[in-house]
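To start, the structure itself, in C-alpha coordinates.
The values are calculated or read from the model by the stated rules, or taken from the named source; none is laboratory data. Predicted model, so just to flag it, every value in this text is computed and none were measured. Here the Cβ positions follow ideal geometry from the backbone for every residue, glycine too, while neighbour counts run over all protein chains shown.
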Ligand SMILES: Cc1cc2nc3c(=O)[nH]c(=O)nc-3n(C[C@H](O)[C@H](O)[C@H](O)COP(=O)(O)OP(=O)(O)OC[C@H]3O[C@@H](n4cnc5c(N)ncnc54)[C@H](O)[C@@H]3O)c2cc1C
(Lines give C-alpha, C1' and ligand atoms only; values in the text may rest on other atoms or scores of the structure.)
Protein backbone atom coordinates (compact mmCIF):
# COMPACT_ATOMS: atom_id res chain seq x y z
CA UNK A 1 0.00 0.00 0.00
CA UNK A 2 2.88 2.37 0.91
CA UNK A 3 4.61 1.65 -2.41
CA UNK A 4 1.36 2.21 -4.28
CA UNK A 5 0.80 5.56 -2.53
CA UNK A 6 4.39 6.62 -3.26
CA UNK A 7 4.06 5.74 -6.94
CA UNK A 8 0.74 7.51 -7.26
CA UNK A 9 2.29 10.62 -5.67
CA UNK A 10 5.20 10.27 -8.12
CA UNK A 11 2.70 10.33 -10.99
CA UNK A 12 2.21 14.06 -10.33
CA UNK A 13 5.88 14.98 -9.74
CA UNK A 14 7.48 17.18 -12.39
CA UNK A 15 11.01 16.51 -11.05
CA UNK A 16 10.65 12.75 -11.26
CA UNK A 17 9.05 13.11 -14.65
CA UNK A 18 12.11 14.93 -15.98
CA UNK A 19 14.45 12.38 -14.36
CA UNK A 20 12.67 9.24 -15.53
CA UNK A 21 11.61 10.41 -18.98
CA UNK A 22 15.23 10.84 -20.09
CA UNK A 23 16.41 7.30 -19.31
CA UNK A 24 16.69 4.77 -22.11
CA UNK A 25 15.60 1.73 -20.01
CA UNK A 26 12.53 3.68 -18.87
CA UNK A 27 11.70 4.12 -22.53
CA UNK A 28 12.02 0.34 -22.88
CA UNK A 29 9.44 -0.10 -20.13
CA UNK A 30 7.20 2.48 -21.78
CA UNK A 31 7.17 0.36 -24.93
CA UNK A 32 5.38 -2.38 -23.06
CA UNK A 33 2.42 -0.18 -22.07
CA UNK A 34 2.41 2.54 -24.76
CA UNK A 35 1.93 1.87 -28.49
CA UNK A 36 4.42 4.56 -29.59
CA UNK A 37 4.72 8.32 -30.01
CA UNK A 38 2.79 8.91 -33.23
CA UNK A 39 -0.68 8.38 -34.63
CA UNK A 40 0.83 5.88 -37.07
CA UNK A 41 2.11 3.79 -34.11
CA UNK A 42 -1.34 3.77 -32.50
CA UNK A 43 -2.99 2.76 -35.78
CA UNK A 44 -0.44 -0.02 -36.31
CA UNK A 45 -1.19 -1.35 -32.81
CA UNK A 46 -4.94 -1.19 -33.46
CA UNK A 47 -4.41 -3.06 -36.73
CA UNK A 48 -2.46 -5.82 -34.98
CA UNK A 49 -5.17 -6.10 -32.32
CA UNK A 50 -7.93 -6.20 -34.94
CA UNK A 51 -6.11 -9.08 -36.65
CA UNK A 52 -6.52 -10.97 -33.36
CA UNK A 53 -10.23 -10.13 -33.18
CA UNK A 54 -9.74 -7.32 -30.62
CA UNK A 55 -11.25 -3.81 -30.74
CA UNK A 56 -9.37 -0.81 -29.41
CA UNK A 57 -9.94 2.53 -27.70
CA UNK A 58 -7.07 4.85 -28.61
CA UNK A 59 -5.92 7.45 -26.08
CA UNK A 60 -3.70 10.40 -26.99
CA UNK A 61 -1.56 10.68 -23.85
CA UNK A 62 -1.64 13.93 -21.92
CA UNK A 63 -3.44 15.24 -18.84
CA UNK A 64 -3.69 18.23 -16.53
CA UNK A 65 -3.18 20.68 -19.37
CA UNK A 66 -1.86 24.02 -18.14
CA UNK A 67 -2.75 26.28 -21.12
CA UNK A 68 -5.71 26.64 -23.49
CA UNK A 69 -3.26 26.27 -26.41
CA UNK A 70 -2.34 22.78 -25.17
CA UNK A 71 -6.02 21.88 -24.84
CA UNK A 72 -6.52 22.99 -28.44
CA UNK A 73 -3.53 21.02 -29.63
CA UNK A 74 -4.75 17.85 -27.81
CA UNK A 75 -8.19 18.29 -29.38
CA UNK A 76 -6.63 18.65 -32.83
CA UNK A 77 -4.58 15.51 -32.23
CA UNK A 78 -7.86 13.65 -31.67
CA UNK A 79 -9.44 15.15 -34.79
CA UNK A 80 -6.41 14.06 -36.86
CA UNK A 81 -6.52 10.60 -35.27
CA UNK A 82 -10.22 10.28 -36.09
CA UNK A 83 -9.54 11.23 -39.73
CA UNK A 84 -7.08 8.34 -39.89
CA UNK A 85 -9.53 5.97 -38.16
CA UNK A 86 -12.16 7.01 -40.72
CA UNK A 87 -9.75 6.34 -43.61
CA UNK A 88 -8.93 2.90 -42.19
CA UNK A 89 -12.65 1.98 -42.07
CA UNK A 90 -14.64 -0.20 -39.67
CA UNK A 91 -12.20 -3.12 -39.99
CA UNK A 92 -9.88 -1.24 -37.63
CA UNK A 93 -12.49 -1.60 -34.84
CA UNK A 94 -11.16 1.52 -33.12
CA UNK A 95 -12.79 4.25 -31.02
CA UNK A 96 -11.08 6.94 -28.92
CA UNK A 97 -10.76 7.67 -25.19
CA UNK A 98 -10.36 11.27 -24.01
CA UNK A 99 -9.25 12.71 -20.67
CA UNK A 100 -11.18 15.89 -19.80
CA UNK A 101 -8.12 17.55 -18.24
CA UNK A 102 -6.21 17.05 -21.50
CA UNK A 103 -8.76 19.17 -23.37
CA UNK A 104 -9.37 21.96 -20.86
CA UNK A 105 -10.97 20.75 -17.62
CA UNK A 106 -9.14 22.40 -14.73
CA UNK A 107 -8.22 25.54 -16.67
CA UNK A 108 -9.96 27.90 -14.26
CA UNK A 109 -13.68 28.65 -14.11
CA UNK A 110 -14.06 28.38 -17.90
CA UNK A 111 -12.33 24.99 -17.97
CA UNK A 112 -15.47 22.85 -17.79
CA UNK A 113 -17.07 24.75 -20.67
CA UNK A 114 -13.89 24.48 -22.74
CA UNK A 115 -13.55 20.73 -22.09
CA UNK A 116 -17.23 20.17 -22.95
CA UNK A 117 -16.82 22.10 -26.21
CA UNK A 118 -13.64 20.21 -27.14
CA UNK A 119 -15.06 16.78 -26.29
CA UNK A 120 -18.14 17.82 -28.31
CA UNK A 121 -15.86 18.45 -31.32
CA UNK A 122 -14.26 15.03 -30.85
CA UNK A 123 -17.74 13.42 -30.67
CA UNK A 124 -18.79 15.18 -33.92
CA UNK A 125 -15.69 13.90 -35.71
CA UNK A 126 -16.16 10.38 -34.30
CA UNK A 127 -19.78 10.33 -35.49
CA UNK A 128 -18.71 11.52 -38.96
CA UNK A 129 -16.26 8.60 -39.11
CA UNK A 130 -18.72 6.02 -37.74
CA UNK A 131 -17.10 5.48 -34.37
CA UNK A 132 -17.50 6.41 -30.71
CA UNK A 133 -15.81 8.23 -27.84
CA UNK A 134 -15.36 7.27 -24.20
CA UNK A 135 -14.56 9.95 -21.62
CA UNK A 136 -11.94 8.68 -19.16
CA UNK A 137 -12.40 9.35 -15.44
CA UNK A 138 -9.54 11.05 -13.63
CA UNK A 139 -8.97 11.91 -9.96
CA UNK A 140 -11.88 12.48 -7.57
CA UNK A 141 -11.80 16.27 -8.01
CA UNK A 142 -12.60 15.88 -11.71
CA UNK A 143 -15.52 13.47 -11.27
CA UNK A 144 -18.51 15.85 -10.83
CA UNK A 145 -17.57 18.05 -13.81
CA UNK A 146 -16.76 15.00 -15.97
CA UNK A 147 -20.17 13.48 -15.26
CA UNK A 148 -21.89 16.79 -16.02
CA UNK A 149 -20.03 17.00 -19.34
CA UNK A 150 -20.99 13.43 -20.31
CA UNK A 151 -24.65 13.90 -19.31
CA UNK A 152 -24.82 17.08 -21.36
CA UNK A 153 -23.12 15.72 -24.47
CA UNK A 154 -25.09 12.49 -24.43
CA UNK A 155 -28.19 14.40 -25.51
CA UNK A 156 -26.60 14.80 -28.95
CA UNK A 157 -24.27 11.79 -28.81
CA UNK A 158 -26.03 8.87 -27.12
CA UNK A 159 -23.05 6.58 -27.83
CA UNK A 160 -20.72 8.67 -25.65
CA UNK A 161 -19.16 6.34 -23.08
CA UNK A 162 -18.25 7.25 -19.53
CA UNK A 163 -16.16 5.63 -16.84
CA UNK A 164 -17.13 4.90 -13.25
CA UNK A 165 -14.59 3.91 -10.62
CA UNK A 166 -15.62 1.31 -8.04
CA UNK A 167 -13.21 2.65 -5.40
CA UNK A 168 -15.30 5.80 -5.03
CA UNK A 169 -18.07 5.60 -2.44
CA UNK A 170 -20.26 7.84 -4.62
CA UNK A 171 -20.25 5.41 -7.55
CA UNK A 172 -23.45 3.51 -6.59
CA UNK A 173 -25.36 6.80 -6.91
CA UNK A 174 -23.54 7.76 -10.12
CA UNK A 175 -24.33 4.38 -11.65
CA UNK A 176 -28.02 4.80 -10.91
CA UNK A 177 -27.92 8.23 -12.58
CA UNK A 178 -25.77 7.30 -15.61
CA UNK A 179 -26.81 3.72 -16.50
CA UNK A 180 -29.75 4.64 -18.73
CA UNK A 181 -30.89 2.60 -21.69
CA UNK A 182 -27.97 1.73 -23.98
CA UNK A 183 -25.56 3.97 -22.03
CA UNK A 184 -21.96 2.82 -22.53
CA UNK A 185 -20.41 2.53 -19.08
CA UNK A 186 -16.84 1.42 -18.47
CA UNK A 187 -16.50 0.06 -14.95
CA UNK A 188 -12.98 0.05 -13.48
CA UNK A 189 -11.50 -0.14 -9.99
CA UNK A 190 -9.91 3.35 -10.18
CA UNK A 191 -6.29 4.26 -10.79
CA UNK A 192 -5.71 7.51 -8.84
CA UNK A 193 -4.61 8.11 -5.24
CA UNK A 194 -7.75 7.38 -3.17
CA UNK A 195 -8.83 9.71 -0.36
CA UNK A 196 -10.11 7.51 2.52
CA UNK A 197 -12.88 10.04 3.17
CA UNK A 198 -14.44 9.45 -0.23
CA UNK A 199 -12.97 6.15 -1.44
CA UNK A 200 -12.44 2.55 -0.39
CA UNK A 201 -8.73 1.95 0.09
CA UNK A 202 -8.54 -1.75 1.06
CA UNK A 203 -8.33 -3.95 -2.06
CA UNK A 204 -10.98 -6.29 -0.61
CA UNK A 205 -13.46 -3.40 -0.24
CA UNK A 206 -12.74 -2.15 -3.77
CA UNK A 207 -13.31 -5.66 -5.17
CA UNK A 208 -16.62 -6.03 -3.26
CA UNK A 209 -17.78 -2.66 -4.55
CA UNK A 210 -16.79 -3.70 -8.10
CA UNK A 211 -18.94 -6.84 -7.83
CA UNK A 212 -21.92 -4.80 -6.54
CA UNK A 213 -21.54 -2.28 -9.38
CA UNK A 214 -21.07 -5.01 -11.96
CA UNK A 215 -24.25 -6.74 -10.83
CA UNK A 216 -26.17 -3.45 -11.05
CA UNK A 217 -24.76 -2.76 -14.50
CA UNK A 218 -25.49 -6.24 -15.86
CA UNK A 219 -29.08 -6.03 -14.57
CA UNK A 220 -29.56 -2.54 -16.06
CA UNK A 221 -30.39 -1.53 -19.65
CA UNK A 222 -26.93 0.01 -20.06
CA UNK A 223 -24.07 -1.45 -22.11
CA UNK A 224 -21.43 -2.70 -19.62
CA UNK A 225 -17.76 -2.30 -20.47
CA UNK A 226 -15.97 -4.47 -17.92
CA UNK A 227 -12.51 -2.91 -17.56
CA UNK A 228 -10.36 -5.17 -15.40
CA UNK A 229 -7.54 -7.71 -15.63
CA UNK A 230 -8.61 -9.37 -12.40
CA UNK A 231 -9.30 -13.04 -13.19
CA UNK A 232 -11.90 -13.35 -10.40
CA UNK A 233 -13.86 -10.32 -11.60
CA UNK A 234 -13.66 -11.47 -15.23
CA UNK A 235 -15.14 -14.81 -14.14
CA UNK A 236 -17.92 -13.08 -12.17
CA UNK A 237 -18.71 -10.83 -15.17
CA UNK A 238 -19.15 -13.91 -17.38
CA UNK A 239 -21.41 -15.56 -14.80
CA UNK A 240 -23.53 -12.43 -14.34
CA UNK A 241 -23.87 -11.97 -18.10
CA UNK A 242 -25.15 -15.53 -18.38
CA UNK A 243 -27.51 -15.11 -15.45
CA UNK A 244 -28.97 -11.86 -16.83
CA UNK A 245 -29.32 -13.31 -20.34
CA UNK A 246 -26.77 -11.00 -21.97
CA UNK A 247 -25.34 -12.43 -25.15
CA UNK A 248 -21.73 -11.75 -26.18
CA UNK A 249 -22.84 -8.66 -28.15
CA UNK A 250 -24.51 -7.06 -25.12
CA UNK A 251 -21.37 -6.25 -23.12
CA UNK A 252 -17.60 -6.14 -23.55
CA UNK A 253 -14.42 -6.79 -21.63
CA UNK A 254 -11.74 -4.11 -21.69
CA UNK A 255 -8.05 -4.35 -20.84
CA UNK A 256 -4.98 -2.17 -21.16
CA UNK A 257 -2.42 -2.44 -23.96
CA UNK A 258 0.40 -4.71 -22.81
CA UNK A 259 -1.43 -6.13 -19.79
CA UNK A 260 -2.44 -9.82 -19.96
CA UNK A 261 -2.40 -9.95 -23.78
CA UNK A 262 -2.89 -13.75 -23.73
CA UNK A 263 -6.06 -13.33 -21.70
CA UNK A 264 -7.28 -10.68 -24.15
CA UNK A 265 -6.90 -13.15 -27.02
CA UNK A 266 -8.31 -16.05 -25.00
CA UNK A 267 -11.50 -14.14 -24.20
CA UNK A 268 -11.89 -13.01 -27.82
CA UNK A 269 -11.50 -16.62 -28.97
CA UNK A 270 -14.50 -17.58 -26.80
CA UNK A 271 -16.62 -15.17 -28.86
CA UNK A 272 -16.61 -12.39 -26.26
CA UNK A 273 -16.18 -8.75 -27.28
CA UNK A 274 -12.82 -7.47 -26.05
CA UNK A 275 -11.52 -3.92 -26.38
CA UNK A 276 -7.95 -2.88 -25.62
CA UNK A 277 -7.09 0.63 -24.39
CA UNK A 278 -4.21 1.81 -26.58
CA UNK A 279 -2.32 4.89 -25.34
CA UNK A 280 0.14 6.72 -27.59
CA UNK A 281 2.09 9.98 -27.51
CA UNK A 282 4.98 11.60 -25.70
CA UNK A 283 3.23 12.44 -22.42
CA UNK A 284 3.50 8.91 -21.05
CA UNK A 285 4.94 9.59 -17.60
CA UNK A 286 1.72 9.86 -15.50
CA UNK A 287 0.16 6.91 -17.32
CA UNK A 288 3.23 4.73 -16.73
CA UNK A 289 3.45 5.68 -13.04
CA UNK A 290 -0.18 4.53 -12.54
CA UNK A 291 0.59 1.22 -14.29
CA UNK A 292 3.57 0.67 -11.99
CA UNK A 293 1.43 1.45 -8.93
CA UNK A 294 -0.96 -1.32 -10.01
CA UNK A 295 1.82 -3.85 -10.49
CA UNK A 296 4.71 -3.39 -8.03
CA UNK A 297 6.57 -6.29 -9.75
CA UNK A 298 7.38 -3.80 -12.53
CA UNK A 299 8.91 -1.32 -10.09
CA UNK A 300 12.26 -3.11 -9.69
CA UNK A 301 12.74 -2.82 -13.43
CA UNK A 302 11.87 0.89 -13.37
CA UNK A 303 14.16 1.53 -10.38
CA UNK A 304 17.10 -0.05 -12.23
CA UNK A 305 16.26 2.16 -15.19
CA UNK A 306 16.56 5.32 -13.08
CA UNK A 307 19.67 4.09 -11.19
CA UNK A 308 21.66 3.37 -14.35
CA UNK A 309 20.39 6.50 -16.14
CA UNK A 310 21.71 5.26 -19.44
C1 LIG B 1 -9.65 -0.44 -20.54
C2 LIG B 1 -9.34 0.23 -19.25
C3 LIG B 1 -9.61 1.58 -19.08
C4 LIG B 1 -9.37 2.21 -17.87
N5 LIG B 1 -9.75 3.51 -17.71
C6 LIG B 1 -9.61 4.07 -16.48
C7 LIG B 1 -10.12 5.37 -16.21
O8 LIG B 1 -10.70 6.05 -17.08
N9 LIG B 1 -9.95 5.88 -14.97
C10 LIG B 1 -9.32 5.17 -13.96
O11 LIG B 1 -9.22 5.67 -12.84
N12 LIG B 1 -8.82 3.95 -14.21
C13 LIG B 1 -8.95 3.38 -15.42
N14 LIG B 1 -8.46 2.13 -15.63
C15 LIG B 1 -7.52 1.51 -14.64
C16 LIG B 1 -8.26 0.76 -13.56
O17 LIG B 1 -8.95 1.65 -12.72
C18 LIG B 1 -7.27 -0.05 -12.71
O19 LIG B 1 -6.36 0.82 -12.10
C20 LIG B 1 -6.50 -1.09 -13.49
O21 LIG B 1 -7.30 -1.71 -14.45
C22 LIG B 1 -5.95 -2.18 -12.56
O23 LIG B 1 -7.01 -2.80 -11.88
P24 LIG B 1 -7.54 -4.28 -12.22
O25 LIG B 1 -9.02 -4.21 -12.23
O26 LIG B 1 -6.92 -4.79 -13.44
O27 LIG B 1 -7.16 -5.13 -10.93
P28 LIG B 1 -5.82 -5.34 -10.15
O29 LIG B 1 -6.21 -5.93 -8.86
O30 LIG B 1 -4.98 -4.11 -10.15
O31 LIG B 1 -5.06 -6.41 -11.04
C32 LIG B 1 -5.54 -7.72 -11.23
C33 LIG B 1 -4.46 -8.51 -11.99
O34 LIG B 1 -4.27 -7.95 -13.28
C35 LIG B 1 -2.89 -7.90 -13.63
N36 LIG B 1 -2.47 -6.49 -13.75
C37 LIG B 1 -3.16 -5.41 -13.37
N38 LIG B 1 -2.51 -4.27 -13.65
C39 LIG B 1 -1.36 -4.64 -14.23
C40 LIG B 1 -0.25 -3.92 -14.75
N41 LIG B 1 -0.21 -2.59 -14.73
N42 LIG B 1 0.79 -4.63 -15.28
C43 LIG B 1 0.75 -5.98 -15.31
N44 LIG B 1 -0.29 -6.72 -14.82
C45 LIG B 1 -1.32 -6.07 -14.29
C46 LIG B 1 -2.19 -8.64 -12.53
O47 LIG B 1 -2.15 -10.01 -12.89
C48 LIG B 1 -3.10 -8.44 -11.35
O49 LIG B 1 -2.94 -9.43 -10.37
C50 LIG B 1 -8.75 1.47 -16.81
C51 LIG B 1 -8.48 0.12 -16.97
C52 LIG B 1 -8.78 -0.51 -18.15
C53 LIG B 1 -8.51 -1.98 -18.26
query: Would you say residue 53 is on the phi > 0 side of the Ramachandran plot, surrounded by 15 or more Cβ atoms within 10 Å (Cβ to Cβ) and either outside the structural domain of residue 186 (by TED's automatic domain parsing) or modelled with pLDDT under 95 (or both)?
result: no
field: Residues located in the range 229-280, provided they are closer than 25 Å to residue 102 by Cβ and more than 12 Å from the ligand (Cβ to nearest atom)
entry: 280
field: Odd one out for residue 192 among (1) closer than 30 Å to residue 6 by Cα; (2) more than 15 Å from the ligand (Cβ to nearest atom); (3) touching a residue at least 24 places away in the same chain (Cβ under 8 Å)
entry: (2)
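State whether the residues of the range 96-110 include one that is within 16 Å of the ligand (Cβ to nearest atom), surrounded by 16 or more Cβ atoms within 10 Å (Cβ to Cβ) and touching a residue at least 60 places away in the same chain (Cβ under 8 Å).
First pass over the range 96-110, keeping only residues within 16 Å of the ligand (Cβ to nearest atom): 96-103, 105-106.
Next, only the ones that are surrounded by 16 or more Cβ atoms within 10 Å (Cβ to Cβ) stay: 96-103, 105-106.
Subset that is touching a residue at least 60 places away in the same chain (Cβ under 8 Å): 97.
Scanning the range 96-110, I find at least one residue that is within 16 Å of the ligand (Cβ to nearest atom), surrounded by 16 or more Cβ atoms within 10 Å (Cβ to Cβ) and touching a residue at least 60 places away in the same chain (Cβ under 8 Å), so the answer is yes.
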- prompt: Inside the range 181-210, can you point out the residues that are under 30 Å from residue 94 (Cβ atoms) and surrounded by 14 or more Cβ atoms within 10 Å (Cβ to Cβ)?
  reply: 183, 184, 185, 186, 187, 188, 189, 190, 191, 192, 206, 210
query: Restricted to the range 129-142, and to residues that are farther than 15 Å from residue 116 by Cβ and assigned to a helix (DSSP H, G or I), which residue is farthest from the ligand (Cβ to nearest atom)?
result: 141
- prompt: When residue 42 is evaluated against the numbered criteria (1) outside any helix (DSSP H, G or I); (2) closer than 20 Å to residue 163 by Cβ, which criterion, by number, is the only one it fails?
  reply: (1)
query: Considering the range 214-237 alone, what residues qualify as being surrounded by fewer than 17 Cβ atoms within 10 Å (Cβ to Cβ) and not in a loop (DSSP other than H, G, I, E, B)?
result: 215, 219, 231, 232, 235
- prompt: Residues 182, 156: which one is touching a strand residue (DSSP E or B) at 6+ places or on another chain (Cβ under 8 Å) and part of a loop (DSSP other than H, G, I, E, B)?
  reply: 182
statement: Here the residues within the range 269-287 that are out of contact with any helix residue (DSSP H, G or I) (no Cβ under 6 Å at 6 or more places or on another chain), modelled with pLDDT under 95 and assigned to a helix (DSSP H, G or I) are 286, 287
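Mind checking which residues of the range 249-268 are under 16 Å from residue 93 (Cα atoms) and either in a helix (DSSP H, G or I) or in contact with a helix residue (DSSP H, G or I) (Cβ under 9 Å, 6 or more places away or on another chain) (or both)? Spell out how you get there, then give the answer.
First pass over the range 249-268, keeping only residues under 16 Å from residue 93 (Cα atoms): 249, 251-257, 264-265, 268.
Selection gives 249, 251, 253, 255, 256, 257, 264, 265, 268.
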message: Just to check your reading of the model, which residue among 304, 295 is within 24 Å of residue 37 (Cβ to Cβ), at pLDDT below 90 and away from the ligand (no atom under 15 Å from the Cβ)?
response: 304
